[in-house]
Amino acid sequence: MEIRYVGGPTALLEMGGVRLLTDPTFDAPGEYPIGNRALTKTAGPAVGADEVGPVDAVLLSHDQHPDNLDRAGRAYLASVPLVLSTGAAAERVGTPVRALPNWTSVEVGGAVRVTGVPAQHGPDGTEHLVGEVTGFVLDGEGLPTVYVSGDNASLDVVRAVAERVGPVDVALLFAGGARTPLVDGYLTLPSADAVTAAEILEARYVVPLHFEHWAHFTQGRDTVEKAFAGFGDRLRLLGPGERTYLDV
């Protein structure tokens, strides 16, 4: 399996000959409105949309926040045969977005099964404020089991996923400890909770995503590296544009 970190929540995954892209964000740094507020992007992607090349599907955790789907990301979706996401995203964006409800699966590229799994984008009881989000589990015959957390802040959700899918080979954890005035609490896993999530999943490898490049993240590369210090080579903390090859 190969993973290339593009920046923010965006990574290119290749497994079983299938190419998948998570949460496409390709805009430049700047202020990005969301309602009556704005999120500040501090760095652009290391890889442009034109460099990513064709993919078999996009795994979109949600469409309602510009740090997970920005303007250039939305434009990119027009070139993609399939986007798997929430029911709300399918209604708002339309083709090629397809709703993937929790615990339902679809085969992509004839080799990879993609299953929608729960995600909770904030503390209990805040979904009406933050909106619907989803995570994903990837697997297939002779392929690793891969968990993509999406913007999840709940360890109870991680436990529910682990109970259904068992140990995972690779966990891609959105781990920036995001916070905004919208809710009182984390919107994504902080570093220490990301370690706990990896342990719950019994992950062989951990690839952090969405831990930098936005001002509303309370934690970043240094805290992730420190928290995962005991993981050794199991942690693949990539720099923008870097690839890792996992023998799983």
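Values as computed for the structure displayed
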| quantity | calculated |
| --- | --- |
| The chain, dipole about Cα centre (Lys/Arg Cβ +1, Asp/Glu Cβ -1), debye to the nearest 20 | 220 debye |
| Packing-based order for 31-41, 197-207, using average beta carbon neighbours within 10 Å, highest first | 197-207, 31-41 |
| Bridge type composition, the chain - antiparallel percent by DSSP, nearest 5 | 65 percent |
| Antiparallel DSSP beta bridges within segment 56-193, as percent of all bridges there, nearest 5 | 55 percent |
| MRE, 222 nm, helices only [DSSP H, n ≥ 4, -39500 (n - 2.57), over the chain, to nearest 500] | -5500 deg cm²/dmol |
| Mean-position separation - Cα centroids, segment 35-99 and segment 121-182, in angstrom | 18 Å |
| Carbon plus sulfur fraction of accessible area for the chain, probe 1.4 Å, in percent | 47 percent |
| Three-way shape call for segment 72-228 based on the alpha-carbon gyration tensor, with the a/c threshold at 1.5 | oblate |
| Cα gyration tensor, segment 46-162 - rounded (a/c under 1.5), prolate or oblate | oblate |
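The values are calculated or read from the model by the stated rules, or taken from the named source; none is laboratory data. Quantities reported herein were computed from a predicted structural model and do not represent experimental measurements. Every residue, glycine as well, gets a Cβ built from its backbone with ideal geometry; the counts of neighbours run over all protein chains shown. Areas reflect the complete protein model, heavy atoms only, side chains present, ligands, DNA and RNA absent. Shrake-Rupley method; radii C 1.70, N 1.55, O 1.52, S 1.80 Å.
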